[in-house]
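Please read the structure below before turning to the comments.
The values are calculated or read from the model by the stated rules, or taken from the named source; none is laboratory data. This is a predicted model, so every value here is computed, not measured. Here the Cβ is made from the backbone with ideal geometry for all residues, glycine too, and neighbour counts use every protein chain on show. Note: accessible area is taken over every heavy atom of the protein model, side chains too, but ligands, DNA and RNA are not part of it. Shrake-Rupley method; radii C 1.70, N 1.55, O 1.52, S 1.80 Å.
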Amino acid sequence: MVALTRSVQSAARALARRRRRPALHPDGLLFSGVLEILPSEEEPWSVGWLDRAGRYDVTLRWSRAAGVPVALPDGLGLALKVVDAAGPGRPLDLLLTSSGGGPLTRHLPVPRTDALGGPYSTLSGYRFPDRDRVVAAFPDEPGRRLPARPAAIAEALRRHPVRFRLCAAGRGEPWRQFATLTVNGTPPAMDMDAGTDTERDTHVRVAYDPYTARLPDLPPTDRLRALREAAYAGSRQGRGAPTPPRRLRPAPEGGSRGSSLVRPVAVARAQGVFNIVGGLWPVVSLRTFERVYGAKTDKWLQRTSGALLATAGYSMLRAGSTPAGVRHARRIGVGTALTFLAIDLVYVPRRTIPATYLMDAAKEIAWLAAWWRAGACGDATEEREA
């Protein structure tokens, strides 16, 4: 894990130095909004803020993660600063990324060209009193399209606000709504200054940090924290921004929860399908693949590497659910993820491959995190079956 965080920090530093702006989410706009809590008497969350009706002002940043040309799909960010959620002068920060809504895809970033084309999730979980849950924002306007370009988003919001349903779900649970979010086209009314990776949009200075701007009884898990902090640190170093004081991490609350762990068999099958689809893409339609990842000189080589990735995915699906099969699938899954991640982090800063490959790097990091989460569950399963 140390080597991985160092690689992420080095890549972010190099990319920020070339761009002279943040490595991730360089393009975005700030908007104001209102969040309304919808408590449920039948199924309370046992979290004070969620079980009490209220309306809160929100400062929201809508951004593009990789900063690729606006005509191409990009991971989209939705950062929320809920004013006074934890008390007077104590906001709650939520960082959400365009993702899927399924049990595994809610943990994976999904590039989009439509800002309302699907949910945005926290990717990693929050520690509710009974179990870990992922928080997500679902567009609440069926059929409405919104091009994922900052100028188009700003123009659309000036004409009509955007509504989201804020929901949470743990393993084996359906999504349950706890709030509505209405995003307006007006910029925030006042400056706010916090302490991580600070951006300047529409003349307002806002920083988001979900680990310090949090609710006392709803802390985020530490999964992905080291990678996120490494990316922020590299981005600041690359553009010469000051480093904020180091904060101590709060101790985990409530201990570990086995119910939040992902089964290794499920990870193996999901990554197997993902690798098959991703591998066959350039084989079946190289033209659409090149629209996202750039034109290829050696087209036969791209098709060959895609076929090999699909073969690796098929091997993961066929590995079986025995301890030996899980170990085999884990070796293939971790190996392919590390290989593609290393290529992305080395060659994107050198401009050998386009910045769209940072989206692939984010997906490979998510697979590594999924295997890490599944490790304890997998080890326990192997011990029982040995």
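Let me know the charge dipole size of the chain about its Cα centre in debye, to the nearest 20, where only the beta-carbon of Lys, Arg (+1) and Asp, Glu (-1) is charged. Spell out each step's value before the answer.
Details: 55 positive and 36 negative charges, 290 e Å.
The calculated dipole for the chain is roughly 1400 debye.
Express in Å², to the nearest 10, the accessible area of Val134 obtained by rolling a 1.4 Å probe over the protein heavy atoms while all chains stay in place.
10
With each run of n ≥ 4 DSSP H residues scored as -39500 (n - 2.57), what mean residue ellipticity at 222 nm is computed for the chain after dividing by its residue count and rounding to the nearest 500 deg cm²/dmol?
About -12500 deg cm²/dmol.
Any chance you could look up the accessible area of His25 with a 1.4 Å probe, heavy atoms only, rounded to 10 Å²?
Rounded to the nearest 10, the figure is 50 Å².
Please work out how much length the chain gains when fully extended from Tyr314 to Asp51, using 0.36 nm per residue of separation minus the C-alpha to C-alpha distance, in nm with one decimal.
Value of the extension gain: 90.1 nm.
Over all directions, how big on average is the projection of the convex hull of the alpha-carbon atoms in the range 1-83, in square nanometres?
So the mean shadow area of the Cα hull is 8.8 nm².
At q = 0.12, 0.15, 0.25 Å⁻¹, what base-10 log of I(q)/I(0) does the Debye formula yield for the range 64-142 when every alpha carbon is treated as an equal point scatterer in vacuo?
Those come out to -0.39, -0.59, -1.16, one per q.
Sort Val135, Val70 from largest to smallest accessible area, using a 1.4 Å probe on the heavy atoms of the protein chains.
Val70, Val135
Quick one: the Cα spread of the range 21-64 along its three principal axes, in angstroms, biggest first?
47, 19, 13 Å, listed from the longest principal axis down.
Two decimals, Cα atoms only, Kirkwood Rh: what is Rg/Rh over the range 120-188?
Over the Cα atoms of the range 120-188, Rg/Rh equals 1.07.
List, in order, the whole-Hz ³J(HN,Hα) value for each residue of the range 6-14 obtained from phi through the Karplus relation with A = 6.51, B = -1.76, C = 1.60 and θ = phi - 60°; use x for Gly and Pro.
Values per residue, Gly and Pro as x: 5, 5, 4, 5, 5, 5, 5, 5, 5 Hz.
Going by average Cβ neighbours within 10 Å, how do the peptides 149-158, 227-236 rank, with the highest at the top?
Ranked from most to least packed, the peptides come out as 227-236, 149-158.
Note down the relative contact order for the chain as a percent, whole number, built from C-alpha pairs under 8 angstrom at least six residues apart.
Value for the chain: 18 percent.
Quick check: the distance between the Cα centres of the range 66-100 and the range 313-371, to the nearest angstrom?
25
Taking the Cα atoms of the range 1-140 alone, what are Rg (to one decimal) and Dmax (as a whole number) in Å?
Looking at the range 1-140, its Cα Rg and Dmax stand at 17.0, 53 Å.
Where only protein heavy atoms count, and the probe is 1.4 Å, what is the accessible area per residue for the chain in Å²?
For the chain, the solvent-accessible area averages 47 Å² per residue.
How large is Rg/Rh for the chain, to two decimals, with Cα atoms and a Kirkwood Rh? The partial results should precede the final answer.
Numbers: Rg = 20.7 Å, Rh = 21.7 Å.
Answer for the chain: 0.95.
Which semi-axis lengths, in whole Å and largest first, follow from the square roots of five times the eigenvalues of the Cα gyration tensor of the range 258-336?
Semi-axes, largest first: 29, 13, 9 Å.
Give me the percent of accessible area attributable to carbon and sulfur for the range 272-369, probe 1.4 angstrom.
Ligands and nucleic acids excluded, carbon and sulfur give 65 percent.
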